[in-house]
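The structure appears below as structure tokens.
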Amino acid sequence: MTHPFHPLYKREFVLVDHRRNWGAEQVFYYDDVGKLAHIPASWTSVSAMDPFIMFAKGKSFFHIDGLLELTKLVRKINGGGK
């Protein structure tokens, strides 16, 4: 697990499957109690690390694209147009 905000960060699991589900890459593994679990492949070493996560080094919780979209929504809610 390579995503720095995930509670299982730095844990290693045996990869069971890696596939695209509903347009998103997922990896499947068995958790500590033997239940099949899945997470986004981008949170693991299976996929290349998200550059934002790599450079933020845990100092920022949000991507700039998400913050810009949030700004648009807040303006719209407050009647400020686009």
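The values are calculated or read from the model by the stated rules, or taken from the named source; none is laboratory data. All values reported here derive from a predicted model rather than from experimental measurement. Virtual Cβ from ideal backbone geometry, glycine too; neighbours counted across all protein chains shown.
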* Test residue 44 against the stated conditions and say whether it is more than 15 Å from the chain's Cα centre (by Cα), surrounded by 11 or more Cβ atoms within 10 Å (Cβ to Cβ), among the polar types (S, T, N, Q) and at pLDDT 80 or above. => no
* Asked: Within the stretch 1-22, restricting attention to residues that are under 14 Å from the mean Cα position of the chain (by Cα) and more than 17 Å from residue 59 (Cα to Cα), which residue is surrounded by the fewest Cβ atoms within 10 Å (Cβ to Cβ)?
  -> 8
* To do: Return only the number of the condition from (1) outside any helix (DSSP H, G or I); (2) modelled with pLDDT under 80 that residue 53 does not satisfy.
  => (1)
* Structure fact -> The number of residues in the stretch 56-70 that are polar (S, T, N, Q) and at pLDDT 80 or above is 0
* Asked: Taking interchain pairs and intrachain pairs at least six residues apart, which have beta carbon atoms under 9 angstrom, with the first residue in the stretch 63-82 and at positive phi and the second surrounded by 10 or more Cβ atoms within 10 Å (Cβ to Cβ) and part of a helix (DSSP H, G or I)?
  -> 81/75
